[in-house]
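Encoded as structure tokens, the structure appears first; notes follow it.
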């Protein structure tokens, strides 16, 4: 049997208050006086042996005894007695709590979510905290957040625990581990505790400098949810038809059925039954006609128990359909020819541009005279800010023909493009001391390499992407190769993608993609769960970094007018699957996740003493009232 | 109505109570053998003629009975009209005595020091008025215990008869000595305890501090309600003790409630117990 310990032993000094109580009791004890003819009979009664029995003596001061017991119980409750669940610790322990979407999953047969179970365990650790031990609380989902310093202040930790709420994001352990590592440098941290459902990527790109103790909460129940939602233009030419693809995945071994309802701006446009299990996901296709921009919502209604609700709704913004606007310089005939065979393009090849905004600009000159596009291809142009690093020169008779030695075939512009046999009549050379590293430092990425230097550069700035062919394509054999129309098609695809005209995907929770709005203007963001924020667009009109932590629709308001509506969804197959990894693979070692480890909590006894004190207070009140009633 | 003493304790002075001794009244009492020196006038000659032996004829002797009424007028008797009841009973006993040509004296004793209030012994109907006036004039208050009151009375009293003690008999001391003194003084002890309702059936509970009305002493009582049964036991035991003490001295004892009417007390309680004859 373990004896109770006290969290506030100094409260024992309050026992000294018993001394004045006893003194006051005997000083102030005032019995009602009653004059009687003679004490003779009563004296003999009092002198009777039975009256002088020990029990009667005890009862004489019953009120005082009750008060002493009452005070003792109150003081004991104040001293916060507890029965220890384990030895004291002097460790500094960062505790990382998984708040990803899958932690919202309800446990089968219970209303508790996984996060609530995890919080109970952390609460037990906080309650057990004594000695020199200190805890620092972190939460993580796709990112990490530190809630407290290393502290043993239970009130502070309890307040921080109130802030631990589930997010609608996927989980990622790396970032919070890096935060913990950085923070661990301020104290001697031997181990880090992670409380998670194990719904993590099994490979973690992190070198562990401390021991990681992963405690896994119980498995959730069956779940199905929408893990993917995309839209693709289905028609040809100027058709406004879109194909909406919705993928539904499940977590259980058995197929769970439900019904997907698709609404367009609130009107139901499709409804279909769906079934999914862990092994088999189902992809549904809906056809939607949307000439103007519209907001599509897919909602999944599950037949029976569904562990996770937040993956049942996804929003998708369809843009207004129109041809891709391409500006190409008047004298770029090879490009014009390649573009002319591509469908659904509005090509402006006039001497003077007809508009200021295009989807794709192909130019011989870096100076665009006030026209803009998200994707620009410069032909035979060295960026002005790289003039000191790169020089272009025509080949002389003595020079070897310039050939491509390498290219980034994963870049969108160069997908399926073969440049091996392309010969180029110009050569680009690095200035002395310059190299690709310096270009990268200035924001340029080399996509095509020649033996002497770069041939194609890519620069991303905000929403704009610029490609710089350092050589003029007309001074190469590129326009005569099969690679050229493929490259042009890739450019069109990229422009379509950027303009959202060909394919759009639902936005997952986290951060909204950059939104094109008016430049330097303040917008109010109104989202689900009463999220309200105000942000300002930058000089290019892009509204960046809008937090979208919750699944739902986000309205970007310009005053009281809705400028743009964007919806988000969980869209994480991993989160929807609710699977738990058995082992996390770190850079050098593996860490097993332990499901069985349950932390015993200290058993607090203060409430029992407080209850007893209350009972004694009632008894004392009753006894006192009885005495008063009798004497009156 | 007349008082009914258990023994014939009378004074030698002539009265209306027949003494146990042979007397000169006309009522025949008994015969006895003639002894030398007897008055020849009391020889029954008819019997002598038949039996040829002299027998003395005895007659009852009517002597005076002294009725001493002692009223305890201490402060304890002021509760529950006990003193009033004592005065009423004293008047009744006194009237009985005077109307039956007995010698009646009354003592009202209240203080430990000083002379007690007293009505000098007297007899005859002419004493009725002084008796009633004396009783009306008795005021209670004082701290004398009953045993001292008896002894005080005996210092002034002369004569044999009945001592009627009207008191609550609530005293810390033993009454044996006082009763012995009464008995040895030729007085038949009639103890009449008068208790109030608050003493017979007290309704008390809780922690109390009792204050003695005479001495001012205090006594702390805890849970008085739970001591009631013990109190009643002690009260009954005390009454039985007093009864025993009186009986052992050829006396009487009874206890009455002060709230009972005088008619109930006289015609029922005392009459049934043979204190008075109708």
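Couple of notes before you dig in:
- Odd one out for residue A:108 among (1) surrounded by 16 or more Cβ atoms within 10 Å (Cβ to Cβ); (2) not assigned by TED's automatic domain parsing to the domain that holds residue A:623: (1)
- Any hit, region B:61-76, residues being within 14 Å of another protein chain (Cβ to nearest Cβ) and assigned to a helix (DSSP H, G or I): yes
- Residue match in region B:178-190 (condition: within 14 Å of another protein chain (Cβ to nearest Cβ), crowded, with 16+ Cβ neighbours inside 10 Å, outside any helix (DSSP H, G or I) and touching a residue at least 40 places away in the same chain (Cβ under 8 Å)): no
- Selection within region A:359-373 - part of a loop (DSSP other than H, G, I, E, B) and surrounded by fewer than 21 Cβ atoms within 10 Å (Cβ to Cβ): A:364, A:365, A:366, A:367, A:368, A:369, A:370, A:371
- Residues considered: B:191, B:196, B:251. Of these, the only one that is over 21 Å from residue B:162 (Cβ atoms) and either assigned by TED's automatic domain parsing to the domain that holds residue B:163 or in contact with a strand residue (DSSP E or B) (Cβ under 6 Å, 6 or more places away or on another chain) (or both) is B:196.
- Region B:204-219, subset touching a strand residue (DSSP E or B) at 6+ places or on another chain (Cβ under 6 Å), at the interface with chain A (Cβ under 7 Å from one of its Cβ atoms) and over 18 Å from residue B:110 (Cα atoms), residue surrounded by the most Cβ atoms within 10 Å (Cβ to Cβ): B:208
- Residues satisfying the stated conditions in region B:220-238, i.e. in contact with a strand residue (DSSP E or B) (Cβ under 6 Å, 6 or more places away or on another chain), surrounded by 20 or more Cβ atoms within 10 Å (Cβ to Cβ) and within 7 Å of chain A (Cβ to nearest Cβ): B:221
- Filter result for residue A:354 (without any contact (Cβ under 8 Å) to a residue 12 or more places away in the chain, surrounded by fewer than 20 Cβ atoms within 10 Å (Cβ to Cβ) and not in a strand (DSSP E or B)): yes
- Selection within region A:276-307 - closer than 21 Å to residue A:106 by Cβ, in contact (Cβ under 8 Å) with a residue 40 or more places away in the chain and part of a strand (DSSP E or B): A:276, A:300, A:301, A:302
- From the options A:518, A:493, residue that is touching a helix residue (DSSP H, G or I) at 6+ places or on another chain (Cβ under 8 Å) and either at pLDDT 85 or above or not in a strand (DSSP E or B) (or both): A:493
- Just one residue in the set A:454, A:485 is assigned by TED's automatic domain parsing to the domain that holds residue A:382, within 18 Å of residue A:383 (Cβ to Cβ) and over 37 Å from the mean Cα position of the chain (by Cα); that residue is A:454.
- Applying the set (1) exposed (fewer than 13 other Cβ atoms within 10 Å of the Cβ); (2) closer than 29 Å to residue A:326 by Cα; (3) more than 36 Å from the chain's Cα centre (by Cα); (4) touching a residue at least 12 places away in the same chain (Cβ under 8 Å) to residue A:401 leaves exactly one unmet item: (2).
- When the residues of region B:246-275 are filtered to those that are in a strand (DSSP E or B) and more than 13 Å from residue B:92 (Cβ to Cβ), the one that is farthest from the chain's Cα centre (by Cα) is B:257.
- Within region B:255-262, one or more residues are closer than 22 Å to residue B:99 by Cα and modelled with pLDDT of 90 or more.
The values are calculated or read from the model by the stated rules, or taken from the named source; none is laboratory data. Since the structure is predicted, the reported quantities are computational estimates derived from the model, not experimental observations. Note: ideal-geometry Cβ built from the backbone for every residue, glycine included; neighbour counts use all protein chains shown.
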